[in-house]
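Visitor: Okay, here's the structure, questions in a sec.
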Amino acid sequence: MSLYLKISANFRTGATLPTIEEQYHDLWQMASTLEKIGLPIDDWCTPAQTPANARLNAAFTAAGTTDAALALARAEEGDTAKELRTIAIWNGKNDVGGATLITTYNSGRIPSNLRLSEESIPAFSDYEHVVQIVRAIVEIWKPMLVKVTPWGYPERQVFKDRPPVGWMIYLPFELTSNQIPEAAKLVAIGDTRKKGNAGTLVISTTDVFDIDNQEHVNNANAIETRLVDQDLLPTFREFVIRF
């Protein structure tokens, strides 16, 4: 079974746009987490017109962001970035085994976002590895929302104006198994010692999510319905306003 997975997050970056160095450092931290599950940190490179040209400029070393990556980002931005900046990297592989990381930082009203996409990388078939990735995202970006969604699932979600549950969804508040009995697992993420500082990762199945498995789709749909019935799955607009 091929797995095409997208992990996305929404978060706030503050009233002032972070520097290029800070934005790249956040990506380096994410790449360092991915290295622990088998994606070498020195595979990540900067975008270019051709894959061969992209591979000429490594984005990271074990010590941090490369000077070349920072120089390219500065040259591309010039003096134009005031409220919005996008930085993208990829692991130098097309199709099977390929992965991309993109952050768009926005200091305005619209939340910033992270997008991690992969195609058939074995590590992503282990739900515990995906939990590890979500933990890192929460630690780095303090998001209001994280979605772990197999390609094709959004077309089969229940509520089009709300985030899909898919394989997993992180919500910025505490949830219990009594509230969502359909969930295969709930994982508290964040500072659980301080009331109100812990969020919850809702996992619909501990198997790798298969979009062609109707039981997996039905269970994710049931969780969405259960959350909405309890007013626990805000609309996209409500996420922007409330968090």
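Visitor: Just need a number here: residues in the range 48-98 that are among the charged types (D, E, K, R) and in contact with a Lys or Arg (Cβ under 7 Å, 6 or more places away or on another chain).
Guide: 1
Visitor: Residue by residue through the range 142-161, note down the ones that are surrounded by 19 or more Cβ atoms within 10 Å (Cβ to Cβ) and farther than 27 Å from residue 120 by Cα.
Guide: Answer for the range 142-161, where residues must be surrounded by 19 or more Cβ atoms within 10 Å (Cβ to Cβ) and farther than 27 Å from residue 120 by Cα: just 144.
Visitor: When you check residue 48 against the structure, is it surrounded by 15 or more Cβ atoms within 10 Å (Cβ to Cβ) and either without any contact (Cβ under 8 Å) to a residue 12 or more places away in the chain or touching a helix residue (DSSP H, G or I) at 6+ places or on another chain (Cβ under 7 Å) (or both), yes or no? If you could, list the steps in order and put the result at the bottom.
Guide: On the way: surrounded by 15 or more Cβ atoms within 10 Å (Cβ to Cβ): no; either without any contact (Cβ under 8 Å) to a residue 12 or more places away in the chain or touching a helix residue (DSSP H, G or I) at 6+ places or on another chain (Cβ under 7 Å) (or both): yes.
Answer is no for this residue.
Visitor: Go through the range 173-196 and report how many residues are more than 26 Å from residue 208 (Cβ to Cβ) and either at pLDDT 95 or above or of a type in the set (A, V, I, L, M) (or both).
Guide: Residues that pass the stated criteria total 1.
Visitor: Let me ask another. Among the residues of the range 187-199, is any in contact with a Pro (Cβ under 9 Å, 6 or more places away or on another chain), closer than 23 Å to residue 25 by Cβ and assigned by TED's automatic domain parsing to the domain that holds residue 32?
Guide: no
Visitor: For the range 162-188, give me each residue that is hydroxyl-bearing (Ser, Thr, Tyr) and buried (at least 16 other Cβ atoms within 10 Å of the Cβ).
Guide: Once the filter is applied, which keeps residues that are hydroxyl-bearing (Ser, Thr, Tyr) and buried (at least 16 other Cβ atoms within 10 Å of the Cβ), the range 162-188 yields only 170.
Here is a yes/no grid of residues against (1) β-branched (Val, Ile, Thr); (2) outside the structural domain of residue 120 (by TED's automatic domain parsing); (3) over 30 Å from residue 17 (Cβ atoms); (4) modelled with pLDDT of 95 or more:
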site	(1), (2), (3), (4)
159	no, yes, yes, yes
167	no, yes, yes, yes
171	no, yes, no, yes
205	yes, yes, yes, yes
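Visitor: Tell me which residues, restricted to the range 226-241, are more than 11 Å from residue 145 (Cβ to Cβ) and of a type outside the set (D, E, K, R).
Guide: 227, 228, 230, 232, 235, 241
Visitor: Give the number of residues within the range 220-243 that are part of a loop (DSSP other than H, G, I, E, B) and hydroxyl-bearing (Ser, Thr, Tyr).
Guide: 1
Visitor: A further question on this structure: Out of the range 107-131, which residues are within 22 Å of residue 238 (Cβ to Cβ) and buried (at least 18 other Cβ atoms within 10 Å of the Cβ)?
Guide: Selection gives 107, 111, 112, 113, 114.
The values are calculated or read from the model by the stated rules, or taken from the named source; none is laboratory data. Quantities reported herein were computed from a predicted structural model and do not represent experimental measurements. As a convention, Cβ positions derive from the backbone with ideal geometry for all residues, glycine included, and neighbour counts pool all protein chains shown.
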